[in-house]
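What follows is a short report on a single structure.
The values are calculated or read from the model by the stated rules, or taken from the named source; none is laboratory data. Remember, it's a predicted structure, so these values are computed and weren't measured experimentally. Positions of Cβ are generated from backbone atoms using ideal geometry, with glycine treated the same way; all protein chains shown enter the neighbour counts. What goes into the accessible areas is simple: the full protein's heavy atoms, side chains included, and nothing from ligands, DNA or RNA. Shrake-Rupley method; radii C 1.70, N 1.55, O 1.52, S 1.80 Å.
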Amino acid sequence: MNKYDIRITGKDVKRFIRNLYSQGIEFFYLEYGPKTVLIRVGEADYHKIKEIKTIYEVELIRVHGLIRVRNFFKQYRLFFGCLAIGLGLIYFLSHVIFQVNVVHNKEEIRNLILEELKLQGITKYRFVKSFSEQEKIVEDIIKKYRDQIEWMEIERIGVTYVVKVEERKIKEYESDDTPRDLVAKKEGRIVSVEAKTGSVLVTPGTYVKKGDVLVSGEIKNKDTVMAKVHADGRVFAEVWYDVTVELPYHYSEEVKTGNKKKALSLHWFQNDWNLFDFSPYEEKNEQELFAIKNPILPFSLSWNLEEEIIKKDTVYSKEQALLEASRIANEKLRQKIGEEDTILYEKSLKITEEDSKIVIVIFFKVKEDITDYQPIKEEPLQESEES
């Protein structure tokens, strides 16, 4: 229901109010001043008051209800009209491709892909394709040129399609039977030897240095080399590492609450507004799901997924810091060693406290594949001496 706030000014305004009462005017609000009165009435009663001829000054102050919204849009109709045209223009420009770039060093591959994309409707001044349509186009092109194309990806960057292509290279695999030794790529203590071919020269418990021969490709009978083979296998050894971790006692992190919602955002230059969001998150991470924007225009509209977070400050005790340092050191070490390598033992060697942080040196024993390869040099034949 529409309601109107009216200010009536004049001498003896109470007399005028009594007159309105007598004519059946209903008041929702009434407040007297020295020479004024503020009243709130319905729409029909407002029109009755406007028709009454009086010496009092009757002034409309405010309107409540749908008519206020209507008047608001009527007052700013030029702005909203320009906004609608602008958003429509953004939507149009942001859904038209102005450039297609194929990234490859061979011109024939670039031309081949451009021609296929054109047949599939991906070319300049055409509307963008959906993600599923792009995936289907990529799949069709790879299937059609499976002997030439290994991998392909279409990435949309603004109003440009960037197409990345990897050419298929057919390799001819030949068996490698070059004579070689298995050698140690680092020092350690041998744990196990898995030899397929060659003569094993080390046993578990043997200490080896980098470059030592572990499995020889030379097959000997006593001191005589009977044959030279392509040694194959793996050798695991106990290898030692020192990992240093610096950890502050005071630590800040972002914790996800699990609360999520979608929000419509208006962006104007460097300013952002969430539309129709009456309970915004204090801290949040945002992921853009859909946007109407264009680089040449100063405003845009986006549909975002917001995830609420809480910034959490943690103060570690010394015991907690040691546990966290151990976890970090294990992660660092895992990045250095292989997937099949195993951490056997760890121990904190040195703990130093500096200001608001702790520095810890942790010693590790790791069962690691130390296999490396070294070709066997062919020795020149010596001519026999004539007696």
Each label point is 7 Å from the Cα along the Cα-to-Cβ direction; what then is the distance between the points at GLU153 and GLN320, in nm?
4.0 nm
What does the charge count near ILE61 come to, summing +1 for each Lys or Arg and -1 for each Asp or Glu among other residues with Cβ under 9 Å from its Cβ?
0
Once the dipole of the chain is set up from charges on Cβ (+1 Lys and Arg, -1 Asp and Glu), the residue from the list HIS64, THR224, TYR46 lying farthest towards its positive end is TYR46
Taking the solvent-accessible surface of protein heavy atoms with a 1.4 Å probe, what is the per residue accessible area of region 316-383 in Å²?
72 Å²
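Counting heavy atoms of the protein chains only and a 1.4 Å probe, report the per residue accessible area for region 27-169 as a whole number of Å².
69 Å²
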Keeping all protein chains in place and using 1.4 angstrom, which order do TYR281, TYR251 fall into by accessible surface area, from largest down?
TYR251, TYR281
Round to the nearest 10 and report in Å² the accessible area of ASP242, as given by a 1.4 Å probe over the protein chains' heavy atoms.
100 Å²
Pairs from LYS228/LYS367; LYS261/LYS284; LYS185/LYS367; LYS256/LYS336; LYS222/LYS377; LYS347/LYS367 whose Cα-Cα separation, in the structure shown, is over 22 Å:
LYS228/LYS367; LYS256/LYS336
Between ARG77 and GLU283, the FRET efficiency computed from the C-beta separation at R0 = 56 Å comes out, to the nearest 0.05, as 0.90
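If I compute solvent accessible area with a 1.4 Å probe over the protein chains, what percent of it on the chain is carbon and sulfur?
Carbon plus sulfur share of accessible area: 51 percent.
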Taking MET226, MET152 and ranking on accessible area (1.4 Å, protein atoms only), highest first, one gets MET226, MET152
Spread of Cα-to-Cα distances over 20 Å intervals beginning at zero, given as percent, for the chain:
15, 22, 31, 17, 9, 5, 1, 0
Could you run the Karplus curve 6.51 cos²θ - 1.76 cosθ + 1.60 with θ = phi - 60° over region 10-23 and give me ³J(HN,Hα) per residue in whole Hz, x for Gly and Pro?
x, 7, 6, 5, 4, 4, 5, 5, 4, 5, 5, 4, 5, 8
Calculated FRET efficiency, LYS124 and LYS169, Cβ-Cβ r, R0 41 Å, to nearest 0.05?
0.85
Relative to the Cα centre, what is the charge dipole magnitude of region 34-110, using +1 at the beta carbon of each Lys and Arg, -1 at the beta carbon of each Asp and Glu, and rounding to the nearest 20 debye?
320 debye
Full-stretch length increase - ASP272, ALA84 - with 0.36 nm per residue and alpha-carbon distance subtracted
65.9 nm
Run lengths n ≥ 4 of DSSP H only: what is the helix-derived mean residue ellipticity at 222 nm for the chain, with -39500 (n - 2.57) per run over all residues, to the nearest 500?
-7500 deg cm²/dmol
FRET efficiency, 1/(1 + (r/R0)^6) with R0 35 Å, evaluated for ARG327 and THR203 via beta carbons
0.45
With every protein chain present, what accessible area does TYR207 have (1.4 Å probe, heavy atoms only), rounded to the nearest 10 Å²?
110 Å²
For region 319-383, with the dipole built from +1 on Lys and Arg beta-carbon atoms and -1 on Asp and Glu ones, taken about the Cα centre, which of PHE363, ILE376, GLN335 lies farthest toward the positive end?
PHE363
Where does each of GLU346, GLU51, GLU115, GLU324 land when they are ordered by accessible area, with a 1.4 Å probe and the largest first?
GLU51, GLU115, GLU346, GLU324
